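What follows is a single structure, written as structure tokens, with notes after it.
The values are calculated or read from the model by the stated rules, or taken from the named source; none is laboratory data. No experiment lies behind these values; they were computed from the predicted model shown. Glycine also receives a Cβ, built like all others from the backbone with ideal geometry; neighbour counts cover every protein chain displayed. To get the accessible areas, we keep the full protein, side chains included, count just its heavy atoms, and leave off ligands, DNA and RNA. Shrake-Rupley method; radii C 1.70, N 1.55, O 1.52, S 1.80 Å.
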2 protein chains.
Amino acid sequence: MTWRSEKKAIAALAILWLLSVGRGSYAQDALASWNDGRAKQSILKFVRDTTDQSSADFVPPVERIATFDQDGTLWVEHPMYTQVIYCLERVPAVVTRKPELENVEPFKTVLSGDRDAIAKLSMKDLEEILAATLTGMSVEEFNEEARKWLETATDHRWRRPYTQLTYQPMQEVLEYLRANGYKTYMVTGGGQDFVRAYSEGTYGIPPEQVVGTAGATQYGYDKNGRPFLTKEPNLLLNDNNAGKPEGIHLMIGRRPRAAFGNSTGDQQMLEYTGAGDGARLMMLVLHDDPQREYAYGPAQGLPDTKVGTFTQALYDEAQSKGWIVISMKNDFKEVLRSDK
Amino acid sequence: MTWRSEKKAIAALAILWLLSVGRGSYAQDALASWNDGRAKQSILKFVRDTTDQSSADFVPPVERIATFDQDGTLWVEHPMYTQVIYCLERVPAVVTRKPELENVEPFKTVLSGDRDAIAKLSMKDLEEILAATLTGMSVEEFNEEARKWLETATDHRWRRPYTQLTYQPMQEVLEYLRANGYKTYMVTGGGQDFVRAYSEGTYGIPPEQVVGTAGATQYGYDKNGRPFLTKEPNLLLNDNNAGKPEGIHLMIGRRPRAAFGNSTGDQQMLEYTGAGDGARLMMLVLHDDPQREYAYGPAQGLPDTKVGTFTQALYDEAQSKGWIVISMKNDFKEVLRSDK
């Protein structure tokens, strides 16, 4: 091969590479499951502005942090948070191990299978169930139990594993941001260890990028001198509301450039993200699609439900601060990833 | 250009690329500041075994986590932890803000400048000084104060900024592991926010990969309604001893493949790392070089000092478990990065 043809080949390869990079980073169809509109355009503009070196809003790659709430933002949260279902379904196993709980409330009600009575359990009852099912075992035992359950349990409406109830458009946002150098973090009110059991396979988010409600662990040794960590009931981080920015500081140590949520539990995370300088993207998913998913608010006259409250006050704050409200009905071309 | 010459050019580029990858990943001189010996060979073998796809010990890239203690492992910790010096030197500024502390102990002793009296302060005194100088301000104010100090403060022996007292051979290990797909984490007993102020510039470790002793923060709003986080005195994680594996679980959620320390405060982190299956690398820096740095143990008859205790029991545990003891005197060809 002559030097001239080698140079040409290198130039051709370089052009192909630049084209493929260009296509990967900026193509509109990276968000193929979004209808065109303000929400989709805001995401595209944010990425363009923060990754184009000639832009006044350019963000160096190391500072590209995006945080996502999970329940109601990345996957279905109705009629009940998946982790609460997990805890309720683990109760029989806990009672087998500790038979003295069989006739003690709230375990007795859970064992009865009476869905109405279970729905009426108080927050204190739920906390007792969470403590009994999420703590007192080693980190490895918990992981194995959670993974086994996630493989077999299915929801009532779609009859699919819960990990197949993620929103295709939001999965595209995760992938699009990562393709543009963003580290994507989950910042969830759910249990950190529970979410870590499936976050990598389900969202491409590794365990070290999951910030969640977290309890302490206790280091100790088994009878063979092998060290292990036991999950303890004392809470280190309640990753809801003000706990979200506090958790972001604890676990990430940088203010996010973009934050996504769907309820009052995400309000402070979006405020904190928006208080930084330069380009920032704050988005809230509004569940206004009773046919394809669920409809609840109570913002904009949607039904008021217990799970994932999107108040009118939050809607008004979004309007006044320039946060983008994503209408599931209008902005999502597809809803569930598994429908594709 | 003919198709044949294009193919040749592509093949030539592919070979060049493979060679450059090969050279970057496996070259012995990635550890140029190490003398040849068991320590250096152990690092090279560990990386080879865990990154070669045909090896029985191959580790997928997502699971490549390496954790490093800081004080005495990555930089000089004698005669006093840098962060303690920072806190002592911040006392005058705190007293200016709160004049009522001027004649109150332990602040009075610190203000006196009497080094012997300061060296005799109790742990309770030190904790009071740490709380007064590390909490009660916003996260941003703290970062600015810490960065300003780090730019100007110098140590007494080398008369250089503290960030220039890092060990060149350990910097090479950090870079070598990263070049081979490892995420390098700091797991330090030092304050998480303090270390994050310089970890990226000094070690190439971003804030989100610093696990340290961490206090809570409190979310609130200033008079203009702008949200901010205040550093609070209540401790969430004491990242020493058993707190290290507990902190690793909280902040990373995976067991490390490699762990580096230098004192009894790192014992549990190395035990926890070593208790995983497959290839694992556990290393301890022994400070046995009074000429080029310091000599302290008390393992192997070295002087016993207050800071960074390497006991004979830890030395014996290392021997029995196959952990590698790095002799600063024999294994380090260079010591400080800034000496190069």
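Numbers below:
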{"quantity": "Charge dipole magnitude, Cβ of K and R +1, D and E -1 - the stretch B:230-340, Cα centre, debye nearest 20", "calculated": "360 debye"}
{"quantity": "FRET efficiency, A:TYR221 to B:ALA32 (Cβ-Cβ, R0 41 Å, nearest 0.05)", "calculated": "0.55"}
{"quantity": "Most to least accessible of A:ASP339, B:ASP49 (protein chains only, probe 1.4 Å)", "calculated": "A:ASP339, B:ASP49"}
{"quantity": "Label distances, nm, A:GLY301 versus same residue in remaining copies, Cβ-directed 7 Å point", "calculated": "8.9"}
{"quantity": "Average beta carbon contacts from partner chains per residue of B:244-251, 10 Å cutoff", "calculated": "6"}
{"quantity": "Three principal axis lengths of the stretch B:94-245 [C-alpha, angstrom, descending]", "calculated": "54, 46, 33"}
{"quantity": "All lysines inside 16 Å of B:LYS231 as judged from Cα atoms, apart from same-chain residues fewer than 8 positions distant", "calculated": "A:LYS244"}
{"quantity": "C-alpha long axis of helix A:3-26 to longest principal axis of chain A, angle in °", "calculated": "50 degrees"}
{"quantity": "Accessible area that becomes buried as B packs against A, both chains, 1.4 Å probe, Å², nearest 100", "calculated": "3900 Å²"}
{"quantity": "Sequence-distant lysines (8 or more away, or on other chains) whose Cα lies within less than 25 Å of A:LYS120", "calculated": "A:LYS98, A:LYS108, A:LYS306"}
{"quantity": "Sequence-distant aspartates and glutamates (8 or more away, or on other chains) whose Cα lies within less than 13 Å of B:LYS40", "calculated": "B:ASP29, B:GLU172, B:ASP331"}
{"quantity": "P(r), alpha carbons of the protein assembly as shown - 10 Å bins starting at zero, rounded %", "calculated": "3, 13, 22, 24, 20, 12, 5, 1, 0"}
{"quantity": "Shape category assigned to the stretch B:128-201 from the gyration tensor of Cα positions, a/c cut at 1.5", "calculated": "oblate"}
{"quantity": "Inter-probe distance in nm under a simple model that places probes 7 Å from Cα toward Cβ, at A:SER122 and A:GLN319", "calculated": "3.8 nm"}
{"quantity": "A:LEU235 paired with A:ASP49, simple spin-label distance in nm, labels 7 Å along Cα-to-beta-carbon", "calculated": "3.6 nm"}
{"quantity": "Cα-based convex hull volume of chain B per residue, rounded to whole Å³", "calculated": "184 Å³"}
{"quantity": "Accessible area in the full protein assembly, largest first, 1.4 Å probe, for A:TRP149, A:TRP34", "calculated": "A:TRP149, A:TRP34"}
{"quantity": "Cα-Cα separations in the stretch A:240-340 greater than 23 Å, expressed as whole percent", "calculated": "30 percent"}
{"quantity": "Degrees separating the helix B:82-97 axis from the principal Cα axis of chain B, which is the longest one", "calculated": "40 degrees"}
{"quantity": "Options A:PRO106, A:GLY201, A:GLY181, ranked by Cα towards positive dipole end of the protein assembly as shown, top entry (Cβ charges)", "calculated": "A:GLY181"}
{"quantity": "Per-residue SASA entry for A:LYS124, accessible area with 1.4 Å probe, Å² rounded to 10", "calculated": "140 Å²"}
{"quantity": "DSSP beta bridge pairing in the protein assembly as shown, given as percent antiparallel to the nearest 5", "calculated": "40 percent"}
{"quantity": "Estimated distance in nm for a label pair at A:THR264 and A:SER338, the labels positioned 7 Å out from Cα along Cα-to-Cβ", "calculated": "3.2 nm"}
{"quantity": "Cα long-axis angle, helix B:312-321 against chain B (0 to 90 degrees, to the nearest 10)", "calculated": "20 degrees"}
{"quantity": "Highest-fluctuation residue, A:ARG178, A:ARG38, A:ARG157 considered, GNM on chain A with Cα pairs under 10 Å", "calculated": "A:ARG157"}
{"quantity": "Chain B, helix-only ellipticity at 222 nm - DSSP H runs n ≥ 4, -39,500 (n - 2.57), divided by all residues, nearest 500", "calculated": "-12500 deg cm²/dmol"}
